[in-house]
Amino acid sequence: MSVEHGRRAFLTASAAAAGGLLPAAALAQEQPPGHQGHQGHAGHGGPVGGPNDRGKLTPGRRRAGEPPVPVEAPDVPKLFWEMKDGVKVFHLHAGHLRREFLPGMWFDVWGYNGSMPGPTIEAVEGDRVRIVVHNDLPEPTSMHWHGIEVPIAMDGAPGLTQEPIPPGGMFTYEFTLHQNGTYFYHSHGAMQEGMGMVGLFIIHPREAFSPPVDRDFALVIQEWAILPNATVPNTSSMEFNFFTVNGRSAPYMTPMVVRQGDRVRLRMVNFSVIDHHPMHLHGLTFWVTGTEAGRIPESAWWPMNTVLVGVAQARDIEFVANNPGDWMLHCHMFHHMMNHMTSMVGPMTTHSRGPGAGGDMARGMGMPNGGHALSEEFGPRLGRGTGENTGEDRALRTGPQPGQPGMPAMQPGQQGAGGHAGHGAPLGRTVPGFPQDMSMMNMYTPEQVAKLRRPETRGMRRNWFTGVEGLMSVVRVLPPDLYDKVVSRQGEVADGASVPGGGAGADPHGGHKH
Ligand SMILES: [Cu+2]
């Protein structure tokens, strides 16, 4: 479609939509000659409302009529099944496991088959499935199939529809799938859900939707309250300091590597305790094509770059990966963009002893009555008890502990944003509010960095992980030759190759030394 044609179509559409109001027409006419809008990017183009508007129905590389591509849930295994008399038979074992949210940071959670989230069930519309749930926990449980229209006796609501599965017991669920879309399974015990008992249940249509996607990713979002020196989530807390995508906190979540020009689907399930997450994608415009109830008709798709995924909801988005680079996908709630709330309680982690319990209200809220705001007496604090180890006399930091084996020494007052207080940030103590954004001071040992550097991160800037935290992931849109090298794990790839013009990045363990 020519630019001229596109402009005429746009004018016609505007006139129809806005009753021929002048501003829309004037705006279109003001476009400078040669302005191509999205047509400047391969894969995008077309007027507003047209089939290729912001890539809406722009095909990727896959032909229509083929079966759907398998779903990929980074960092989570798939659940194997066996065909018995025309029924796909799955086994899920509910139990305790330890999950490494961040390199070296293992937490005690509950899940299925040794994974949290549990392994992904992938099925096709029309399948008859039998899922045997074995309870390896010391308390009763049951399984609910979220959004799936099952017979009532299969719904997994304890008491209401079935006897709970006792410890050591099992229950066989069996039903036929007549829907397709992004669903999930979870324990129907509230606190068990808070321990991580969830997994994806993806049901493909028999034939791929048009235009078909080349890649299909699924993500489970969760939030956690894990108090200082604890490894067990506090499931009764309503404030959260860890956020995970598929059971890992950024930057440990494996990036999604796609080839430039691919049409990509991302399915996001929010299994958080109480928070909705506005999931924002940098550099790419997507269309919302599905909910927790399945496909949305094309006429109702919305173009967006930030979609609110409410608790227990799913949002499927699709986009054409036309813009090369390493793009953040993240929750835009500021407090969800950090691990162990380092940034929010920045001063606590560096300039004072740590998050002590509150004392009186003024002190609890961090209201200074004398001295400076970062003094031991008046430094910000959480304003409430956060556990028996966090009294005034035993204040503890969340996050890396000074002197912890393998951790670099971090002493109060030694570090600050942009360098080290005392010799890196001379204005620090005179600027009200300092310090706030401390993400760049997150320190990783060489061993931790080695874990962050996986084959999927080849070609990223050397210190890419310093600003990728909390409820974040990365979508890497790579030009074909770079994509081939990264995926095949062959050939030389320079640091920073996927961010042209961005440089190789500072070596996190080079340069500034003590
Ligand atoms: Cu969020």
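Derivation of every value follows stated rules applied to the coordinates shown; laboratory data play no part. All figures in this text were calculated on a predicted structure; none of them were measured in a lab. When we count neighbours, we look across all protein chains shown, and the Cβ atoms used for this are built from the backbone with ideal geometry, even at glycine.
Of note:
- Whole-number D in µm²/s for region 182-289 (Stokes-Einstein; Kirkwood sum over Cα pairs; 20 °C, 1.002 mPa s): 135 µm²/s
- Residues PHE334 and ALA300, FRET efficiency given R0 of 35 Å [Cβ-Cβ distance, rounded to 0.05]: 0.70
- Each of the peptides 163-171, 176-184 was scored by the mean count of other Cβ atoms within 10 Å over its residues; in descending order, highest first, they stand as 176-184, 163-171.
- Region 92-152: proportion of alpha-carbon pairs further apart than 17 angstrom, %: 50 percent
- Neighbourhood net charge (10 Å Cβ-Cβ; Lys/Arg +1, Asp/Glu -1) for PRO303: +1
- Estimated inter-spin distance, SER210 and ALA153, nm [label 7 Å along Cα→Cβ]: 4.2 nm
- For region 36-155, the alpha-carbon coordinates run over 63, 44, 25 Å along the three principal axes, in decreasing order.
- In sequence order, region 124-129 has phi-based couplings of 10, 3, x, 5, 9, 10 Hz under the Karplus curve 6.51 cos²θ - 1.76 cosθ + 1.60, θ = phi - 60°, and Gly or Pro positions carry x.
- The residues neighbouring ASP136, those whose beta-carbon lies less than 15 Å from its own, together hold a net charge of -1 under the Lys/Arg +1, Asp/Glu -1 convention.
- Net charge over other residues, Cβ less than 14 angstrom from the Cβ of LYS78 (K, R count +1; D, E count -1): -4
- Near the amide H of LEU308, within less than 5 Å, lie the amide hydrogens of MET279, all on another chain or at least 5 residues away, with H placed in the peptide plane.
- 3J(HN,Hα) along region 169-179: x, 8, 9, 9, 9, 8, 7, 9, 8, 10, 10 Hz, from the Karplus curve 6.51 cos²θ - 1.76 cosθ + 1.60 with θ = phi - 60°, whole Hz, x for Gly and Pro.
- If you look at the Cα atoms of region 257-314, you get an Rg and a Dmax of 12.2, 37 Å.
- According to the calculation over all Cα-Cα pairs in region 97-232, the P(r) per 5 Å bin from zero is 2, 9, 18, 21, 18, 14, 10, 6, 3, 1, 0 %.
- Beyond 32 Å in Cα-Cα separation lie the following of the pairs LYS451/LYS485; LYS84/LYS485; LYS78/LYS451; LYS84/LYS451: LYS84/LYS485; LYS84/LYS451.
- Summarising the amide proton neighbourhood of GLN162: residues at separation of 5 or more, or on other chains, whose placed amide H is nearer than 5 Å comprise ALA157.
- Derived scalar couplings ³J(HN,Hα) [region 237-254; Karplus, 6.51 cos²θ - 1.76 cosθ + 1.60; whole Hz; x for Gly, Pro]: 6, 10, 10, 10, 10, 10, 10, 10, 10, 6, x, 10, 8, 5, x, 7, 5, 5
- Stretching VAL132 away from GLU492 to a fully extended chain increases their span by 124.9 nm, per 0.36 nm per residue minus the current alpha-carbon distance.
- Sorting 55-61, 80-86 by their mean Cβ neighbour count within 10 Å, with the most densely packed peptide first, gives 55-61, 80-86.
- Gain in span if fully extended, VAL288 to ALA64, counting 0.36 nm per residue against the direct Cα distance: 78.6 nm
- Among 327-333, 289-295, 66-72, the order from most to least packed when residues are scored by Cβ within 10 Å on average: 327-333, 289-295, 66-72
- The amide H of PHE217, built 1.01 Å from its N in the peptide plane, has GLU72, ARG265, LEU266, ARG267 as neighbours under 5 Å, considering only residues 5 or more places off or on other chains.
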